[in-house]
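Participant: What follows is a single structure, and I will ask about it in a moment.
The values are calculated or read from the model by the stated rules, or taken from the named source; none is laboratory data. Values in this document were obtained by computation on a predicted structure and should not be read as measured data. Cβ placement follows ideal geometry from the backbone for every residue including glycine, while neighbour counts extend to all protein chains displayed.
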Amino acid sequence: MLPYARHIDETTLATREGAQIQILHLQGFSFETADTQELNYRKNVRDTVLRGIASSRLSIGAHVIRHMVRPGLEGDFSNIFARNLDSSWRTRLNGRRLFVNDLFLTLTRKPALGRAGLMGAKKQWDAVSRVRDRRELDAATDSLMAALQPYGPRLLGAYETAGGLFSEPLEFLAFLFDGELRPVPFEKGAVSFVDRRVSFGKDTLEFSGNGRSPRSLAAILA
């Protein structure tokens, strides 16, 4: 059973154990064109922020999701040479498999362990503790986003479409478990986002097929 229980709000998930989760997406940083001094400065800023938000109850996970894209490079050129060059370039791109790397950071605030007392007192303390945990999670997320501003951070949340309200955090988790990008509806109650059965073999793992994707195989390297 997966640990994810529900949406607390549009940007925060709760687990069955009481942990609270927020997820950041980073657009990236053009390190190829930055000089060494700039790179060292950014590294020192990251280290300082991580030390500042460090806690035994806060964990930060990093995921790099690599997926294929088909970039749209539409253009209208009156010059014959430019038009032919554009056509040749698009033909060349269409014959290649292009990929992008998306970087995600997951911040998880774990609940405090153990608390003696009567049941009523414990429930009241749990409610106060959840509010405090959320406040500290928000503070850690804000600090990290401020430090990573050159990387284009964005807090994943809900978004509205003609088909209803959808959840970016659940779409991220669904991709990790199903191996495919797809819209996942925002649910106020118990969340459900796994759509494919995963079977583990000796050397490979298998994703079962569904209405959108065929059966596929994968492997894990260490």
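Participant: Hey, L156 hits all of (1) farther than 16 Å from L107 by Cα; (2) touching a helix residue (DSSP H, G or I) at 6+ places or on another chain (Cβ under 7 Å); (3) aliphatic (A, V, I, L, M) but one; which does it fall short on?
Facilitator: Result: L156 passes all but (1).
Participant: Take the residues in region 94-125 that are assigned to a loop (DSSP other than H, G, I, E, B) and closer than 30 Å to G28 by Cβ; name whichever of them is modelled with the lowest pLDDT.
Facilitator: G95
Participant: Can I ask one more? Anything in region 6-49 that is assigned to a helix (DSSP H, G or I) and touching a residue at least 60 places away in the same chain (Cβ under 8 Å)? List them, or say none.
Facilitator: Listed by number, the residues that qualify are R42, V45, R46, T48, V49.
Participant: A follow-up question, please. Restricting attention to region 166-222, and to residues there that are charged (D, E, K, R) and farther than 24 Å from L107 by Cα, which single residue is surrounded by the fewest Cβ atoms within 10 Å (Cβ to Cβ)?
Facilitator: K202
Participant: List every residue pair whose Cβ atoms sit under 9 Å apart, with the two residues 6 or more apart in sequence or on different chains, where the first one lies in region 67-87 and is touching a residue at least 60 places away in the same chain (Cβ under 8 Å) and the second, anywhere, is assigned to a helix (DSSP H, G or I).
Facilitator: Short answer, once both residue conditions are applied: H67/F175.
Participant: Looking only at region 135-157, which residues are surrounded by 15 or more Cβ atoms within 10 Å (Cβ to Cβ) and among the acidic types (D, E)?
Facilitator: E136, D138
Participant: Please tell me if E187 is out of contact with any Gly (no Cβ under 6 Å at 6 or more places or on another chain), of a type in the set (D, E) and under 20 Å from A5 (Cα atoms).
Facilitator: Spelling it out, E187 is indeed out of contact with any Gly (no Cβ under 6 Å at 6 or more places or on another chain), of a type in the set (D, E) and under 20 Å from A5 (Cα atoms).
Participant: Still on this structure, I have one more. Among the numbered conditions (1) closer than 30 Å to L113 by Cβ; (2) exposed (fewer than 12 other Cβ atoms within 10 Å of the Cβ); (3) of a type outside the set (D, E, K, R), tell me where V69 comes up short.
Facilitator: (1)
Participant: Continuing with this model, one more query. Of everything in region 200-218 that's part of a loop (DSSP other than H, G, I, E, B) and at pLDDT below 80, which residue is farthest from F166 (Cα to Cα)?
Facilitator: Once the filter is applied, the top-ranked residue is R215.
Participant: Next question, about the same structure. Which of the residues that make up region 149-164 are among the small types (G, A, S) and free of Cβ contacts under 8 Å to residues at least 40 places away in the same chain?
Facilitator: A162, G163, G164, listed by residue number.
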